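Undergrad: Take this structure first; my questions come after.
The values are calculated or read from the model by the stated rules, or taken from the named source; none is laboratory data. Every value quoted in this text rests on a predicted model; they were computed, and no experiment measured them. With ideal geometry, Cβ positions are generated from the backbone for all residues, glycine too; neighbour counts draw on all protein chains shown. Remember, those area values only see protein heavy atoms, side chains included, never the ligands or the DNA or RNA. Shrake-Rupley method; radii C 1.70, N 1.55, O 1.52, S 1.80 Å.
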Amino acid sequence: AVDAVHDGDFGTMVALKGTDIVRVKLAEATAELKTVPLERYQEAEVFFG
């Protein structure tokens, strides 16, 4: 994120794609609603209660 600001690449966010850190346009990242599957909540419950 700091590199993006330093480069003047505003309107983007950083994301993890596989094992790569990439810049993604905010409009692209927020274009559709993404939800967390119920199974992920159940997995987190094991660790966080």
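Undergrad: Keeping to the range 1-33, report how many residues are part of a loop (DSSP other than H, G, I, E, B) and hydrophobic (A, V, I, L, M, F, W, C).
TA: The total comes to 4.
Undergrad: Spot the failing condition for Ala44; the list is (1) modelled with pLDDT of 95 or more; (2) open to solvent by less than 90 Å² (accessible area, probe 1.4 Å), and only one is missed.
TA: It is condition (1) that Ala44 fails.
Undergrad: Given the structure, is Thr30 surrounded by fewer than 11 Cβ atoms within 10 Å (Cβ to Cβ), out of contact with any Leu (no Cβ under 9 Å at 6 or more places or on another chain) and free of Cβ contacts under 8 Å to residues at least 24 places away in the same chain?
TA: no
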